[in-house]
Amino acid sequence: MAEVRANWTRIVLDYYERKLPPAALAALAAVVTPELRASLEAAGPLAWLPASIHMRILPAPRAALGAPAYRALWRGMMTVAFEERIFRSFVRGAISVFRSLPNHIFRVVPQGFKLIARDCGEFVVRVHDSGDEVVLAWNDVPAELLTDDAFAEAWAGTFESVLDLTQTRGEVVVSSRSPARVVFTVHLKPQ
């Protein structure tokens, strides 16, 4: 069963409630029932909750924001989230190891994802020999995570925040998408 850390879902919800404009907040309020909120509050920070709970919150503002603004929201949110306790040591360690090779920082995505999700698919990362392209394939993704494009767009925004974090110029493209797989390509640009 696909599961997400309760703490991560709370972080997403908290960010949404602080940053979303009124129309997107209304969409969020429509899905955050008292029962959903109670299940989040009752869970300990390291507890695993069914991914279905996370997936009620994650895509909620997408329609109201539109795809580009939703992706930008995730880019900004992840820049902030990398300083949260759940990620801070991991991210700082990755930056210190890969400071001179920013394209290689994407190699830690599979381990980072395991901090917050289990049985939610696996990432395979390939850094092109030229160093100017990174391909991240999210394989064996449970259907409940890809009912629409919200999670793929959230990942694209997350990868853009990694570019920001490493002060690397580039663009992130969703190269392909199928029912259980999403492939992202990061095109790095000369500094």
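Data for the structure
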{"read-out": "Test: R62 is out of contact with any Gly (no Cβ under 9 Å at 6 or more places or on another chain) and either exposed (fewer than 15 other Cβ atoms within 10 Å of the Cβ) or modelled with pLDDT under 95 (or both)", "value": "no"}
{"read-out": "Enumeration of residues in segment 164-189 that are free of Cβ contacts under 8 Å to residues at least 40 places away in the same chain and of a type outside the set (K, R)", "value": "G170, E171, V172, V173, V174, S176, S178, P179"}
{"read-out": "Tabulated pairs, segment 41-67, first among the aromatic types (F, W, Y), second at pLDDT 95 or above, C-beta under 6 angstrom, 6+ apart or interchain", "value": "W48/E3"}
{"read-out": "Residue in segment 30-40 that is touching a strand residue (DSSP E or B) at 6+ places or on another chain (Cβ under 8 Å) and closer than 25 Å to C120 by Cα present", "value": "yes"}
{"read-out": "Unmet requirement for S52, which otherwise passes all of (1) under 30 Å from P190 (Cβ atoms); (2) modelled with pLDDT of 95 or more; (3) in contact with an Asp or Glu (Cβ under 8 Å, 6 or more places away or on another chain)", "value": "(1)"}
{"read-out": "Sole exception among (1) exposed (fewer than 14 other Cβ atoms within 10 Å of the Cβ); (2) out of contact with any helix residue (DSSP H, G or I) (no Cβ under 7 Å at 6 or more places or on another chain); (3) not charged (D, E, K, R) for A137, by number", "value": "(1)"}
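The values are calculated or read from the model by the stated rules, or taken from the named source; none is laboratory data. These figures come from a predicted structure and were not determined experimentally. Neighbour counts are summed over all protein chains in view; Cβ atoms, including those assigned to glycine, are modelled from backbone coordinates with ideal geometry.
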